[in-house]
1. May I ask what percent, to the nearest 5, of DSSP beta bridges between residues of the chain are antiparallel?
2. May I ask which residue of Val27, Leu279, Ala309 lies farthest towards the positive end of the charge dipole of the chain, with charges of +1 (Lys, Arg) and -1 (Asp, Glu) on Cβ and the Cα centre as origin?
3. Among the lysines, which have Cα under 20 Å from the Cα of Lys96 when same-chain residues fewer than 8 positions away are ignored?
4. For region 76-169, just say rounded, prolate or oblate: build the C-alpha gyration tensor, square-root its eigenvalues into a ≥ b ≥ c, call rounded for a/c under 1.5, and beyond that prolate if a/b exceeds b/c, oblate if not.
5. Can you give me the accessible area per residue for the chain, using a 1.4 Å probe, in Å²?
6. Would you calculate the separation in nanometres between label points at Gln284 and Asn411, each defined as 7 Å from the Cα along the Cα-to-beta-carbon direction?
7. Roughly how big is the chain's charge dipole about its Cα centre, with Cβ charges of +1 (Lys, Arg) and -1 (Asp, Glu), in debye to the nearest 20?
8. Counting only protein heavy atoms, what percent of the accessible surface of the chain is carbon or sulfur at a 1.4 Å probe?
Amino acid sequence: MKKILMIAYHFPPLAGSSGIQRTLRFVQHLPSFGWQPLVLSADPRAYEKSSDDLLADVPAGTVVRRPFALDTARHLQFAGRYLGWMARPDRWISWKFAAIREGLRMIDDFKPDLIWSTYPIATAHVIGSALHRKSGIPWIADFRDPMAHAGYPADPRTWRSYLAVEEDALARARYSVFTTPGAAQMYQQRYPAASRRIVVLENGYDEESFAAAPPPTESAQVLDAPARPLLMLHSGIVYPSERDPTQLFVALGRLKKAGVLTEGDLRIRFRASVHDELLQHLAQTHDAQDFIELCPAMSYREALSEMMAVDALLVMQASNCNAQIPAKIYEYLRADKPILGLTDSAGDTAEVLRGAGLTDTASLDSADEIARALTTFVRDWRLGNLRLPQRLAVQKASRLGRSETLVTFLNQAARENCAPSLPV
(Lines give C-alpha, C1' and ligand atoms only; values in the text may rest on other atoms or scores of the structure.)
Protein backbone atom coordinates (compact mmCIF):
# COMPACT_ATOMS: atom_id res chain seq x y z
CA MET A 1 0.00 0.00 0.00
CA LYS A 2 0.99 3.60 -0.56
CA LYS A 3 1.01 5.69 2.61
CA ILE A 4 -0.33 9.16 3.37
CA LEU A 5 0.52 11.21 6.46
CA MET A 6 -2.69 13.07 7.39
CA ILE A 7 -2.31 16.10 9.68
CA ALA A 8 -5.71 16.79 11.23
CA TYR A 9 -6.62 18.64 14.41
CA HIS A 10 -10.26 17.59 13.88
CA PHE A 11 -10.15 13.90 14.77
CA PRO A 12 -11.74 11.74 17.49
CA PRO A 13 -12.02 12.21 20.44
CA LEU A 14 -12.71 15.86 19.55
CA ALA A 15 -16.43 16.59 19.91
CA GLY A 16 -18.74 19.28 18.61
CA SER A 17 -17.47 19.79 15.05
CA SER A 18 -18.76 18.31 11.80
CA GLY A 19 -15.22 18.77 10.47
CA ILE A 20 -14.22 15.56 12.24
CA GLN A 21 -16.13 13.54 9.68
CA ARG A 22 -14.01 14.56 6.68
CA THR A 23 -10.68 13.13 7.80
CA LEU A 24 -12.23 10.29 9.80
CA ARG A 25 -14.15 8.92 6.82
CA PHE A 26 -11.15 9.25 4.51
CA VAL A 27 -9.18 7.25 7.08
CA GLN A 28 -11.90 4.60 6.96
CA HIS A 29 -12.19 4.34 3.18
CA LEU A 30 -8.72 5.00 1.80
CA PRO A 31 -7.34 1.51 2.56
CA SER A 32 -9.89 -0.04 0.20
CA PHE A 33 -8.33 2.09 -2.57
CA GLY A 34 -4.75 1.12 -1.79
CA TRP A 35 -3.73 3.94 0.57
CA GLN A 36 -2.77 3.51 4.23
CA PRO A 37 -3.48 6.60 6.38
CA LEU A 38 -1.08 7.69 9.11
CA VAL A 39 -2.74 10.27 11.35
CA LEU A 40 -0.91 13.12 13.06
CA SER A 41 -3.45 14.80 15.35
CA ALA A 42 -3.29 16.81 18.59
CA ASP A 43 -3.15 15.86 22.24
CA PRO A 44 -6.80 15.74 23.44
CA ARG A 45 -5.99 18.28 26.15
CA ALA A 46 -6.17 20.87 23.36
CA TYR A 47 -9.82 20.02 22.70
CA GLU A 48 -12.43 22.15 24.42
CA LYS A 49 -14.85 19.22 24.29
CA SER A 50 -14.15 15.55 23.75
CA SER A 51 -16.19 12.37 23.42
CA ASP A 52 -15.38 8.71 22.86
CA ASP A 53 -18.40 8.03 20.65
CA LEU A 54 -16.43 8.12 17.36
CA LEU A 55 -13.20 6.51 18.52
CA ALA A 56 -14.54 3.08 17.55
CA ASP A 57 -14.88 4.34 13.95
CA VAL A 58 -11.10 4.68 13.63
CA PRO A 59 -10.08 1.40 11.92
CA ALA A 60 -8.15 -1.00 14.12
CA GLY A 61 -4.43 -0.78 13.50
CA THR A 62 -4.51 2.81 12.22
CA VAL A 63 -1.37 4.67 13.28
CA VAL A 64 -2.49 7.76 15.22
CA ARG A 65 0.02 10.01 16.95
CA ARG A 66 -1.09 12.88 19.21
CA PRO A 67 1.81 15.21 20.07
CA PHE A 68 1.65 17.91 22.73
CA ALA A 69 -0.71 20.82 22.05
CA LEU A 70 -2.45 23.51 24.07
CA ASP A 71 -5.32 25.90 23.50
CA THR A 72 -3.89 29.36 24.13
CA ALA A 73 -7.24 30.77 25.25
CA ARG A 74 -7.70 28.10 27.92
CA HIS A 75 -4.18 27.10 28.93
CA LEU A 76 -2.00 30.17 28.42
CA GLN A 77 -4.25 33.04 29.53
CA PHE A 78 -3.77 35.11 32.67
CA ALA A 79 -6.69 36.93 34.26
CA GLY A 80 -8.79 36.13 31.23
CA ARG A 81 -6.31 37.53 28.70
CA TYR A 82 -3.44 36.26 26.55
CA LEU A 83 -0.92 37.81 24.18
CA GLY A 84 -2.10 37.99 20.58
CA TRP A 85 1.09 36.53 19.08
CA MET A 86 0.45 33.35 21.09
CA ALA A 87 -2.68 32.70 19.00
CA ARG A 88 -1.50 33.38 15.45
CA PRO A 89 -2.48 32.01 13.08
CA ASP A 90 -4.76 30.34 15.66
CA ARG A 91 -5.02 29.33 19.31
CA TRP A 92 -3.34 25.98 18.69
CA ILE A 93 0.00 27.22 17.33
CA SER A 94 1.72 25.45 20.26
CA TRP A 95 0.84 22.18 18.47
CA LYS A 96 3.32 23.09 15.72
CA PHE A 97 6.54 22.35 17.59
CA ALA A 98 5.87 18.84 18.87
CA ALA A 99 3.90 17.95 15.74
CA ILE A 100 6.82 18.74 13.41
CA ARG A 101 9.14 16.59 15.53
CA GLU A 102 6.62 13.74 15.66
CA GLY A 103 5.87 14.08 11.96
CA LEU A 104 9.55 13.72 11.08
CA ARG A 105 9.69 10.57 13.21
CA MET A 106 6.66 9.18 11.39
CA ILE A 107 8.31 9.97 8.05
CA ASP A 108 11.43 8.09 9.15
CA ASP A 109 9.40 5.14 10.48
CA PHE A 110 6.79 4.74 7.73
CA LYS A 111 8.16 6.46 4.59
CA PRO A 112 4.85 8.05 3.48
CA ASP A 113 4.35 8.88 -0.18
CA LEU A 114 2.31 12.03 0.51
CA ILE A 115 1.58 14.59 3.22
CA TRP A 116 -1.98 15.91 3.72
CA SER A 117 -2.99 18.71 6.07
CA THR A 118 -6.49 19.97 6.66
CA TYR A 119 -7.89 23.37 7.71
CA PRO A 120 -9.90 25.04 9.51
CA ILE A 121 -7.07 24.87 12.05
CA ALA A 122 -4.47 26.89 10.14
CA THR A 123 -1.64 25.47 12.22
CA ALA A 124 -2.19 22.14 10.43
CA HIS A 125 -1.01 23.80 7.19
CA VAL A 126 1.97 25.32 9.03
CA ILE A 127 2.94 21.80 10.11
CA GLY A 128 2.27 20.32 6.67
CA SER A 129 4.43 22.92 4.95
CA ALA A 130 7.31 22.41 7.38
CA LEU A 131 7.26 18.63 6.93
CA HIS A 132 7.08 19.02 3.15
CA ARG A 133 10.05 21.39 3.11
CA LYS A 134 12.14 19.21 5.42
CA SER A 135 11.36 15.91 3.67
CA GLY A 136 10.64 16.81 0.04
CA ILE A 137 7.50 14.65 0.16
CA PRO A 138 4.64 16.08 -1.95
CA TRP A 139 2.04 17.95 0.10
CA ILE A 140 -1.71 18.35 -0.39
CA ALA A 141 -3.35 21.26 1.46
CA ASP A 142 -7.04 20.62 2.21
CA PHE A 143 -8.47 24.09 2.75
CA ARG A 144 -12.13 23.05 2.79
CA ASP A 145 -13.28 26.71 3.04
CA PRO A 146 -11.57 30.03 2.25
CA MET A 147 -9.05 31.26 4.83
CA ALA A 148 -8.31 35.00 4.61
CA HIS A 149 -11.23 36.83 3.06
CA ALA A 150 -13.09 40.10 3.47
CA GLY A 151 -13.73 40.73 7.16
CA TYR A 152 -12.35 37.41 8.33
CA PRO A 153 -10.42 37.07 10.53
CA ALA A 154 -11.47 40.40 12.03
CA ASP A 155 -8.11 41.10 13.71
CA PRO A 156 -5.74 42.58 11.06
CA ARG A 157 -2.65 40.78 12.38
CA THR A 158 -4.44 37.45 12.44
CA TRP A 159 -5.74 38.14 8.93
CA ARG A 160 -2.18 38.72 7.72
CA SER A 161 -1.01 35.52 9.37
CA TYR A 162 -3.81 33.62 7.62
CA LEU A 163 -2.81 35.22 4.33
CA ALA A 164 0.81 34.14 4.82
CA VAL A 165 -0.27 30.55 5.48
CA GLU A 166 -2.46 30.37 2.39
CA GLU A 167 0.16 32.05 0.17
CA ASP A 168 2.70 29.47 1.25
CA ALA A 169 0.30 26.59 0.65
CA LEU A 170 -0.82 27.80 -2.76
CA ALA A 171 2.82 28.12 -3.79
CA ARG A 172 4.15 24.85 -2.43
CA ALA A 173 1.30 22.31 -2.23
CA ARG A 174 0.88 19.89 -5.13
CA TYR A 175 -2.89 20.36 -4.79
CA SER A 176 -4.97 22.83 -2.81
CA VAL A 177 -8.39 21.30 -2.14
CA PHE A 178 -11.66 23.15 -1.53
CA THR A 179 -15.12 21.83 -0.73
CA THR A 180 -17.12 24.14 -3.02
CA PRO A 181 -16.84 25.42 -6.59
CA GLY A 182 -17.19 29.00 -5.36
CA ALA A 183 -14.20 28.70 -3.02
CA ALA A 184 -12.09 27.08 -5.74
CA GLN A 185 -12.96 29.84 -8.22
CA MET A 186 -12.14 32.51 -5.64
CA TYR A 187 -8.67 31.06 -5.13
CA GLN A 188 -8.06 30.48 -8.81
CA GLN A 189 -8.64 34.19 -9.32
CA ARG A 190 -6.53 35.12 -6.31
CA TYR A 191 -3.65 32.80 -7.25
CA PRO A 192 -3.70 32.38 -11.03
CA ALA A 193 -0.27 30.72 -11.10
CA ALA A 194 -1.69 27.90 -8.97
CA SER A 195 -5.07 27.63 -10.72
CA ARG A 196 -4.38 24.21 -12.27
CA ARG A 197 -3.48 22.84 -8.85
CA ILE A 198 -6.73 24.01 -7.20
CA VAL A 199 -9.38 21.27 -7.08
CA VAL A 200 -12.83 20.65 -5.57
CA LEU A 201 -13.63 17.76 -3.25
CA GLU A 202 -16.98 18.23 -1.53
CA ASN A 203 -17.99 16.92 1.85
CA GLY A 204 -20.47 14.05 2.08
CA TYR A 205 -22.32 11.61 4.29
CA ASP A 206 -21.24 8.25 5.65
CA GLU A 207 -23.63 5.43 4.76
CA GLU A 208 -22.25 3.11 7.43
CA SER A 209 -23.02 5.68 10.13
CA PHE A 210 -26.61 5.98 8.95
CA ALA A 211 -26.94 2.20 8.94
CA ALA A 212 -25.68 2.07 12.55
CA ALA A 213 -27.86 4.95 13.77
CA PRO A 214 -30.53 4.08 16.36
CA PRO A 215 -34.04 3.63 14.94
CA PRO A 216 -36.00 6.91 14.91
CA THR A 217 -38.19 7.26 17.99
CA GLU A 218 -39.91 10.60 17.44
CA SER A 219 -43.57 10.48 18.42
CA ALA A 220 -44.16 12.68 15.38
CA GLN A 221 -43.69 9.61 13.23
CA VAL A 222 -46.89 8.01 14.48
CA LEU A 223 -49.18 11.02 14.47
CA ASP A 224 -51.13 12.21 11.47
CA ALA A 225 -49.93 15.48 10.00
CA PRO A 226 -53.19 17.39 10.62
CA ALA A 227 -53.07 16.55 14.32
CA ARG A 228 -49.74 18.18 15.17
CA PRO A 229 -47.27 20.88 14.15
CA LEU A 230 -44.63 20.30 11.51
CA LEU A 231 -41.39 19.47 13.34
CA MET A 232 -38.41 21.07 11.60
CA LEU A 233 -34.83 20.49 12.78
CA HIS A 234 -31.74 22.64 12.57
CA SER A 235 -28.91 20.33 13.66
CA GLY A 236 -25.65 21.99 14.71
CA ILE A 237 -24.08 25.36 15.34
CA VAL A 238 -25.95 28.59 14.62
CA TYR A 239 -23.15 31.04 13.84
CA PRO A 240 -24.27 34.61 14.70
CA SER A 241 -22.83 36.02 11.47
CA GLU A 242 -22.54 33.18 8.98
CA ARG A 243 -25.97 31.77 9.92
CA ASP A 244 -27.60 34.83 11.48
CA PRO A 245 -31.17 33.72 12.37
CA THR A 246 -32.51 37.20 13.15
CA GLN A 247 -34.81 37.53 10.14
CA LEU A 248 -36.16 34.02 10.71
CA PHE A 249 -37.40 35.14 14.13
CA VAL A 250 -38.73 38.40 12.70
CA ALA A 251 -40.74 36.33 10.20
CA LEU A 252 -42.04 33.98 12.89
CA GLY A 253 -43.18 36.91 15.01
CA ARG A 254 -45.00 38.50 12.07
CA LEU A 255 -46.72 35.24 11.13
CA LYS A 256 -47.86 34.75 14.72
CA LYS A 257 -49.16 38.31 15.03
CA ALA A 258 -51.05 37.99 11.74
CA GLY A 259 -52.54 34.66 12.80
CA VAL A 260 -51.07 32.93 9.73
CA LEU A 261 -49.12 30.35 11.78
CA THR A 262 -49.53 29.19 15.36
CA GLU A 263 -47.64 26.81 17.60
CA GLY A 264 -50.02 24.14 16.35
CA ASP A 265 -48.62 24.58 12.84
CA LEU A 266 -44.85 24.69 13.27
CA ARG A 267 -42.13 23.73 15.72
CA ILE A 268 -38.45 24.46 14.95
CA ARG A 269 -35.93 22.47 16.97
CA PHE A 270 -32.41 23.83 17.33
CA ARG A 271 -30.12 20.96 18.31
CA ALA A 272 -26.67 21.84 19.74
CA SER A 273 -26.79 25.43 18.47
CA VAL A 274 -23.96 26.53 20.84
CA HIS A 275 -25.69 29.93 20.91
CA ASP A 276 -28.89 29.13 22.80
CA GLU A 277 -28.79 32.50 24.61
CA LEU A 278 -28.90 34.34 21.28
CA LEU A 279 -31.82 32.23 20.10
CA GLN A 280 -33.70 32.76 23.35
CA HIS A 281 -33.15 36.51 23.11
CA LEU A 282 -34.38 36.64 19.51
CA ALA A 283 -37.40 34.51 20.33
CA GLN A 284 -38.39 36.78 23.22
CA THR A 285 -37.72 39.97 21.27
CA HIS A 286 -39.96 38.91 18.38
CA ASP A 287 -42.53 36.94 20.41
CA ALA A 288 -41.64 33.66 18.71
CA GLN A 289 -40.99 31.48 21.78
CA ASP A 290 -43.94 29.23 20.96
CA PHE A 291 -42.28 28.10 17.73
CA ILE A 292 -38.88 26.92 18.97
CA GLU A 293 -37.17 24.21 21.00
CA LEU A 294 -33.57 24.49 22.21
CA CYS A 295 -31.97 21.09 22.74
CA PRO A 296 -28.52 19.96 23.92
CA ALA A 297 -25.89 18.11 21.94
CA MET A 298 -26.16 14.36 21.42
CA SER A 299 -23.92 11.69 19.93
CA TYR A 300 -23.24 11.75 16.20
CA ARG A 301 -25.35 8.71 15.40
CA GLU A 302 -28.19 9.92 17.61
CA ALA A 303 -28.09 13.17 15.63
CA LEU A 304 -28.40 11.21 12.37
CA SER A 305 -31.34 9.29 13.81
CA GLU A 306 -33.04 12.55 14.73
CA MET A 307 -32.60 13.87 11.19
CA MET A 308 -34.44 10.81 9.89
CA ALA A 309 -37.20 11.14 12.50
CA VAL A 310 -38.38 14.72 12.08
CA ASP A 311 -40.67 16.03 9.35
CA ALA A 312 -38.25 18.47 7.72
CA LEU A 313 -34.76 19.93 8.00
CA LEU A 314 -33.58 23.53 8.12
CA VAL A 315 -30.30 24.80 6.69
CA MET A 316 -29.12 28.40 7.09
CA GLN A 317 -26.20 30.01 5.26
CA ALA A 318 -25.70 33.75 4.89
CA SER A 319 -24.64 35.48 1.69
CA ASN A 320 -21.24 36.26 3.23
CA CYS A 321 -20.61 32.51 2.96
CA ASN A 322 -21.77 31.97 -0.61
CA ALA A 323 -18.57 30.07 -1.36
CA GLN A 324 -19.17 27.68 1.55
CA ILE A 325 -21.56 24.77 2.09
CA PRO A 326 -22.50 23.50 5.58
CA ALA A 327 -21.09 19.97 5.83
CA LYS A 328 -24.31 18.68 7.38
CA ILE A 329 -26.29 19.41 4.21
CA TYR A 330 -25.09 16.11 2.75
CA GLU A 331 -26.35 14.24 5.81
CA TYR A 332 -29.61 16.14 5.41
CA LEU A 333 -29.86 14.80 1.85
CA ARG A 334 -29.24 11.23 3.01
CA ALA A 335 -31.87 11.58 5.75
CA ASP A 336 -34.42 11.73 2.90
CA LYS A 337 -36.49 14.57 4.32
CA PRO A 338 -37.78 17.82 2.84
CA ILE A 339 -35.30 20.66 3.34
CA LEU A 340 -35.99 24.37 3.74
CA GLY A 341 -32.95 26.39 2.72
CA LEU A 342 -32.55 29.91 4.08
CA THR A 343 -29.66 31.08 1.93
CA ASP A 344 -28.68 33.26 -1.00
CA SER A 345 -29.94 31.83 -4.29
CA ALA A 346 -26.60 32.76 -5.90
CA GLY A 347 -24.53 30.76 -3.39
CA ASP A 348 -23.13 27.24 -3.46
CA THR A 349 -25.50 26.03 -0.73
CA ALA A 350 -28.54 26.90 -2.84
CA GLU A 351 -26.91 25.19 -5.82
CA VAL A 352 -26.54 21.93 -3.89
CA LEU A 353 -30.23 22.05 -2.97
CA ARG A 354 -31.26 22.77 -6.56
CA GLY A 355 -29.02 19.94 -7.75
CA ALA A 356 -31.00 17.60 -5.52
CA GLY A 357 -34.33 18.87 -6.87
CA LEU A 358 -35.13 20.95 -3.78
CA THR A 359 -36.57 24.40 -4.42
CA ASP A 360 -37.95 25.52 -1.05
CA THR A 361 -35.57 28.40 -0.37
CA ALA A 362 -35.59 31.99 0.85
CA SER A 363 -32.93 34.59 1.52
CA LEU A 364 -31.67 34.40 5.09
CA ASP A 365 -31.63 38.19 5.35
CA SER A 366 -35.23 38.73 4.18
CA ALA A 367 -38.02 38.32 6.72
CA ASP A 368 -40.59 38.75 3.93
CA GLU A 369 -39.17 35.90 1.87
CA ILE A 370 -38.84 33.67 4.92
CA ALA A 371 -42.44 34.34 5.98
CA ARG A 372 -43.73 33.38 2.54
CA ALA A 373 -41.52 30.28 2.42
CA LEU A 374 -42.62 29.08 5.87
CA THR A 375 -46.28 29.54 5.06
CA THR A 376 -45.97 27.62 1.80
CA PHE A 377 -43.79 24.93 3.38
CA VAL A 378 -46.27 24.18 6.18
CA ARG A 379 -49.19 24.15 3.75
CA ASP A 380 -47.45 21.79 1.33
CA TRP A 381 -46.44 19.51 4.18
CA ARG A 382 -50.03 19.13 5.29
CA LEU A 383 -51.02 18.38 1.69
CA GLY A 384 -48.18 15.88 1.27
CA ASN A 385 -46.63 17.94 -1.54
CA LEU A 386 -43.12 18.62 -0.22
CA ARG A 387 -40.24 17.40 -2.36
CA LEU A 388 -37.66 14.87 -1.21
CA PRO A 389 -34.01 14.85 -2.36
CA GLN A 390 -33.44 13.10 -5.68
CA ARG A 391 -31.91 9.67 -5.22
CA LEU A 392 -29.05 10.17 -7.71
CA ALA A 393 -27.93 13.37 -5.98
CA VAL A 394 -27.90 11.53 -2.66
CA GLN A 395 -25.83 8.65 -4.02
CA LYS A 396 -23.22 11.03 -5.45
CA ALA A 397 -22.70 12.60 -2.01
CA SER A 398 -21.47 9.49 -0.18
CA ARG A 399 -18.13 9.64 1.63
CA LEU A 400 -17.08 6.47 -0.18
CA GLY A 401 -17.51 8.24 -3.49
CA ARG A 402 -15.64 11.30 -2.20
CA SER A 403 -12.78 9.02 -1.11
CA GLU A 404 -12.57 7.55 -4.58
CA THR A 405 -12.27 11.06 -6.00
CA LEU A 406 -9.56 11.91 -3.47
CA VAL A 407 -7.59 8.85 -4.56
CA THR A 408 -7.36 10.19 -8.11
CA PHE A 409 -5.57 13.28 -6.73
CA LEU A 410 -3.37 11.16 -4.47
CA ASN A 411 -2.32 8.84 -7.26
CA GLN A 412 -1.53 11.74 -9.57
CA ALA A 413 0.58 13.49 -6.92
CA ALA A 414 2.39 10.26 -6.04
CA ARG A 415 3.17 9.55 -9.70
CA GLU A 416 4.70 12.96 -10.14
CA ASN A 417 6.55 12.57 -6.83
CA CYS A 418 7.56 16.20 -6.85
CA ALA A 419 6.29 19.58 -5.71
CA PRO A 420 6.55 23.00 -7.33
CA SER A 421 10.20 24.02 -7.63
CA LEU A 422 10.74 26.44 -4.79
CA PRO A 423 13.66 27.11 -2.46
CA VAL A 424 13.61 25.28 0.84
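The values are calculated or read from the model by the stated rules, or taken from the named source; none is laboratory data. Everything numeric here is computed off the predicted structure, so don't read it as measured data. No Cβ is skipped: glycine too gets one built from the backbone with ideal geometry, and neighbour counts run over all protein chains shown. Each accessible area value is taken on the protein alone, full model and side chains, heavy atoms only, with ligands, DNA and RNA left out. Shrake-Rupley method; radii C 1.70, N 1.55, O 1.52, S 1.80 Å.
1. On the way: 3 of 47 bridges.
Of the beta bridges lying entirely in the chain, close to 5 percent run antiparallel.
2. Val27
3. Result set, ordered by chain and number: Lys134.
4. Numbers: a/c = 2.95, a/b = 1.52, b/c = 1.94.
Judged from the Cα gyration tensor, region 76-169 comes out oblate (a/c at least 1.5, b/c at or above a/b).
5. Numbers: 18010 Å² over 424 residues.
Normalised by residue count, the accessible surface of the chain is 42 Å².
6. Those two pseudo-labels are separated by 5.9 nm.
7. Working: 48 positive and 47 negative charges, 275 e Å.
For this selection, approximately 1320 debye.
8. On the way: 9160 of 18010 Å².
Of all accessible area on the chain, carbon and sulfur atoms account for 51 percent.
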